[in-house]
Amino acid sequence: MVGILKLVSFGYADWLDIILMMIGLIAAVANGTGLPLIIVVIGEMTNRFVTIGQAVNLSSAIPGLDIEAEMTRFAYYYAGIGFAVVILSTIQVWTFLTSAARQTARIRQKFFFAVLHQEMAWYDTSQTGTLNTRLTDDINTIHEGIGDKFCIFVQFFATFLTGIVIGFVYGWKLTLVILSVSTLLTAAAAVGSIFMASFTTKELTAYARAGAVAEEILTAIRTVVPFNGQMKALAKYDVNLENARKVGVKKSITSYTSLGFTEFISFGAFALAFWYGTKLTVEERENYDLGCVLIVLFSLLRGAFFLGQGYPYLESVANARGAAYEVYKVISKHRLLDSSAKEGYRPDKLKGDIEFKNIHFCYPSRPDVKILKGLNLKVQSGKTIALVGSSGCGKSTAIQLLQRFYDPVQGEITLDGRDIRTLNIKWLREHIGLVSQEPILFATTIAENICCGREGITDYEIEKAAKEANAFDFISRLPDKFNTMVGERGAQLSGGQKQRIAIARALARNPRILLLDEATSALDTQSESIVQAALDKARTGRTTIVIAHRLSTIRTADIIAGFHNGGVVEQGTHNELMTQKGVYSSLVMQQVMRCDRALLTKCFRCTGHLSTPENYLYISLTGENLPAVPYSRILALNKPEWLHIFFGVIAAAFSGGIYPAFSVLYGKIIGVSSELYGKLTNQAQMQNFKSCLTLQLVVSNDGFMFGNSGEVLTKRLRSLSFKALLQQEIGWYDDPKNAIGVLLTRLATDASQVKGATGSRLGLFTKTASTLLTAIIIAFVYDWRLTLLIVACVPFIIAASAIRLSSVAGQASKDQKALEEAGRISMEAVENIRTVASLTSEDAFYERYNTSLNGPYRDSLTKAPLYGLTYGIAQCAHYFLNAAIFRFGAWLIANCYTNFENVFIAFLSVLYGVINVGQSSSLAPDFGKAKVSSQRIFQLLDRKPLIDSYSEEGTKLFDGNIEFRDIHFIYPTRPEAQVLQGLSVKVNKGQTLALVGSSGCGKSTSIQLLERFYDPMAGQVFADGFDTKSLHLQWLRSKLGIVSQEPILFDCSIAENIQYGDNSRVVSQEEVEEAAKAANIHTFIENLPEKYTTRVGDKGAQLSGGQKQRIAIARALVRKPAVLLLDEATSALDTESEKIVQKALDDARKGRTCIIIAHRLTTVQNADVIAVIHNGKVVEQGTHSQLLAKEGHYYALVNAQVSH
């Protein structure tokens, strides 16, 4: 837990922040003395009332005593202090809000910077999904604790201390009696604070874990939907929410037990004090009069009251301490491999000689699995070396070590003879260009993606790089050309298009070292031959390391190194290794034998989308149309807890009426004292106080009632929101406004902010309303004329609160939009940290993140004075109102319309009522944010998805016959680009249909239409003669088993990932192992220390590409689907694995309908029907031999590959 000083000043505050906070603290302390000074005025005024009352009773006049003049003087005192309070309140809130905004911005920046520059081992062992929650919810909590709530608590505490000082000055004996129980109050506050901070840390940790689940699910939504994993995801999310709810309820119990105990002790102390004060007025008349007793009582009573009122603000500080712990821990963590470090040698020239010397390595997250075991490898400058071997043998690991994502456990890697550990990390990575098997593009334009490779690049150089990567032509055909947005992770482009842009990005860097990890695996035949030629040209003069399975990519390499079991077992040229008959020779012969059986047709995978017309980088911060949400609708979600709320409202109402009720007691005491001074009935006083004491003990439970209902509501809102997100159609996620980072930010903040209008806040508002209503009723009973004046002033007080609420609500909406954009940027960077690090783009993302928050930061600084002024007006209202009451009351007394007892009762009742309204207005920011958040939540909950994944409607009848009939389709985000233009193709039950064609032709789009990710604009997709729209959606998807080119695995065990294939039942371990054997992954799994319980890491990061692909195949096979959809299912496999897995897939296809999108001959040539798609429609179809005989499109594709 973070200490108070570190939290509010010595943590991340600069000298200006400290000055602002010192000014704010001085203003808060001075402001806190305002009420005790007024109490002194009240005491003096009371003595005047008593003197006047005694004169009236004795029917004698007091020379020189003019009641109106006296009350006018006291009214001026009130008004003067009121003006001081306005000024001081404005200063304290202004300075603390400004300081909090500055510090929070700095904390966000430092936290995001620290996250961006952590070593990869940290990411392997941390839940990256929690980071977005830390950046939003946790830092918002810190802001609450170091902003105006902190200075308001200081103000209240100053009131308490000033009350004690005044008590000692005016009556030390009475003060000591009251303070005799203060140790109990201090102990209650201290213990409560410790428990609060502890529970807050646990609660935020639980919410962070829930956020990690949400991030994992939403980023993999195209995997979750086809496997009907929504309910499993929701259950996993709810488990973490339930943990947070339990801790939250404990926090509420702790908070309000402490508060109730404080109130109990306070009232007990004052019951004792009033009795003793009355005794002193009789026994020590020369030192204690009624005014003196009331000054002491009121000073301590109001001080204790404000100490209790300050508890919610202290709770915010305690919450901030808990939230700051994890955030500050990440910021202060020592980074073992820091890409921001200035240390390290930066050579003027780089030759490019690389050598791996006796490298031993195991991933920090799996220390018991040794990946590299004595790797020795040398690469000469300007030469090309190809690394070959089976999946998981350590090829990609060697590349990661060269980039210093990790350091070897033993051995060293040298560059030009110098250990790379002595080189500057950023400099090293700047001279390395990487193209990986699963290319990651960022959610910006094509041009800016290519620019990520190098700063200061010209448009000419961008176009040149695109031409070299064979990407220029397809980019030129796009409406926005190089300004086309690629979407999240490049989702608006096909796989081959993404790969070519990634190659262009690497070439634009003009690196000295080029790393190609399956760089052309996603390209069609024609594109690959051209891009390979470009890469061969780019390799000239550069040190190049190639990882590839295909002979065409590696045969021209200067050296080929055969990897096996974590080391190099052979190396040489293609011809040399072929004569050795070793690992390389056997791999080549397997591929050649398979290629000799027939001609290999390659096709280019496309995921369907092309681009989005909107700019993804900057989301407008204005123009969000949110529906009006009545407060009753928010409360309706708490309907199951109506009993808690009912008793909470009753308790809060009684609790709110206690303080105005005291005004009657005080007034009566003053009235009686003036008539029978020294002859009070102490027993009656004690009885009154005992009644209030008992009542206070009972109503302290209202906090628990509201706290429990508030925590349940928060859980329910988060759960409903997540459920609604999973219900939306895939097209909804394509909208830039619904980027995953934006949705995660809303999920993290909206539900928690709704608590600002429910739970304990609802109790406070109920209590305030009860206090105000009771005060007005009492005032009416004792003097209606005076009450009319009071009622006439109330609208002004309410107006001040309304202005504050309105301005805060508007700012909350704007801030939320900015946070969503910042959340999208941060999530994109963290999710793709390996790409970001390899491109040395950490600083670029850091600047983009900071830029996205500049607007709300400046606005918060501008609005801070307004917030301070509105708070000050709410605070000073009762001073001016009381001035008016006493002046008008004096006139009423002077003209015999009432007596001073009634005026005093009316005054005290209004005093309590208005003070409560003033304190409640300080919570206007919470209510304003809650309003905006609830509107956004209900907008999501009310949306009817175009394709409802939860729908129970439709027929459950599907045997395996599929037909696409005259399909026309455009993606919702690109209405100007028609993807399918009359596609018609049919496949019967048990048949295999292969879809081939060039990039962007609509192959993968067809599969997405069958899965009902989208519905066609025209035409129909039929299953056994039924339009798929008429079938039960989840049932339809349960009959489809899909394996995609870029498989997404979840951060759980291997067994759980395979079991995910069928979420409608419990998949047995036997079935899991059977599917793993069929996918040729069983032996690998059995050799792992933890076997099937081995965790795969975030998105399968702990596995190689081939291993992930085989687990994805096992996942599809375990559900025993009627239709198998293979979208480049074996593209990531090495030759040996592909041969075995392909046989397994061939066996799996028996008796099943199968639709294949593939490059390789073994996958395509045996298909019953091969359909060639061109410009969004089928231009020819038939068997392999039939299409070759036609010498059309298919023949051209085959010839292109054969010649290659």
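Please verify whether region 122-132 includes one or more residues that are surrounded by fewer than 21 Cβ atoms within 10 Å (Cβ to Cβ) and of a type in the set (A, V, I, L, M, F, W, C).
Yes - at least one qualifying residue is present in region 122-132.
Take the conditions closer than 25 Å to Trp1035 by Cβ and either surrounded by 15 or more Cβ atoms within 10 Å (Cβ to Cβ) or of a type in the set (Phe, Trp, Tyr) (or both) and apply them to Val1066. Does it pass?
The answer is no for Val1066.
Residues that are surrounded by 23 or more Cβ atoms within 10 Å (Cβ to Cβ) and at pLDDT 85 or above: does region 54-77 have at least one?
No, region 54-77 contains no residue that is surrounded by 23 or more Cβ atoms within 10 Å (Cβ to Cβ) and at pLDDT 85 or above.
Look through region 363-397, keep the residues that are at pLDDT below 85 and of a type in the set (Gly, Ala, Ser), and return whichever of them is nearest to Leu1103 (Cα to Cα).
Applying the filter and picking the extreme gives Gly392.
Going residue by residue through region 189-198, is there one that turns out to be in a helix (DSSP H, G or I) and over 17 Å from Arg321 (Cα atoms)?
no
Please find, within region 1121-1157, the residue that is farthest from Ser1064 (Cα to Cα) out of those that are in a loop (DSSP other than H, G, I, E, B), modelled with pLDDT under 85 and out of contact with any Asp or Glu (no Cβ under 8 Å at 6 or more places or on another chain).
Here the answer is Asp1134.
Sort out which residues of region 155-168 are of a type in the set (Val, Ile, Thr) and surrounded by fewer than 24 Cβ atoms within 10 Å (Cβ to Cβ), and write them in order of number.
Residues satisfying the conditions are Thr162, Ile164, Val165, Ile166.
A quick yes/no check of all residues on (1) more than 24 Å from Leu375 (Cβ to Cβ); (2) at pLDDT below 80:
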residue	(1), (2)
Lys464	yes, no
Gly487	yes, yes
Leu514	no, no
Gln526	yes, yes
Leu535	yes, yes
Val546	no, no
Ile554	no, yes
Gly566	no, no
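Looking only at region 990-1016, count every residue that is surrounded by fewer than 22 Cβ atoms within 10 Å (Cβ to Cβ) and at positive phi and tell me the total.
Number of matching residues: 2.
Would a scan of region 248-271 turn up a residue that is assigned by TED's automatic domain parsing to the domain that holds Trp732, closer than 23 Å to Ile139 by Cα and surrounded by fewer than 21 Cβ atoms within 10 Å (Cβ to Cβ)?
Yes - at least one qualifying residue is present in region 248-271.
If only one of Arg285, Arg245 is among the basic types (Lys, Arg) and over 20 Å from the mean Cα position of the chain (by Cα), which one is it?
After ruling out the rest, the residue left standing is Arg285.
Which ones in region 1079-1090 are free of Cβ contacts under 8 Å to residues at least 40 places away in the same chain and within 17 Å of Val1118 (Cβ to Cβ)?
Ile1081, His1082, Ile1085
Taking the options Ser99, Ser126, name whichever one is outside the structural domain of Asp1051 (by TED's automatic domain parsing) and either touching a helix residue (DSSP H, G or I) at 6+ places or on another chain (Cβ under 8 Å) or within 26 Å of Leu37 (Cβ to Cβ) (or both).
Exactly one residue qualifies, and that residue is Ser99.
Given the conditions (1) in contact with a Leu (Cβ under 9 Å, 6 or more places away or on another chain); (2) farther than 30 Å from Thr136 by Cα, and given that Val330 satisfies all but one, which numbered condition is not satisfied?
Val330 satisfies every listed condition except (2).
Mind listing whichever residues of region 502-517 are among the β-branched types (Val, Ile, Thr) and crowded, with 24+ Cβ neighbours inside 10 Å?
Ile503
Return the residue satisfying two criteria in turn: it lies in region 1018-1037 and is aliphatic (A, V, I, L, M), at pLDDT below 90 and surrounded by 15 or more Cβ atoms within 10 Å (Cβ to Cβ), and of such residues it is farthest from the chain's Cα centre (by Cα).
Ala1023
Are there any pairs with C-beta distances below 6 angstrom linking a residue in region 241-253 that is in a helix (DSSP H, G or I) to a residue that is crowded, with 22+ Cβ neighbours inside 10 Å and of a type in the set (Phe, Trp, Tyr), with the two at least 6 apart or on different chains, and if so which?
Ala244/Tyr207; Val247/Phe199; Lys250/Phe199; Lys251/Phe199; Ser252/Phe704; Ile253/Phe704
The values are calculated or read from the model by the stated rules, or taken from the named source; none is laboratory data. These figures come from a predicted structure and were not determined experimentally. Ideal geometry is used to build each Cβ from the backbone, glycine not excepted, and the neighbour counts take in all protein chains shown.
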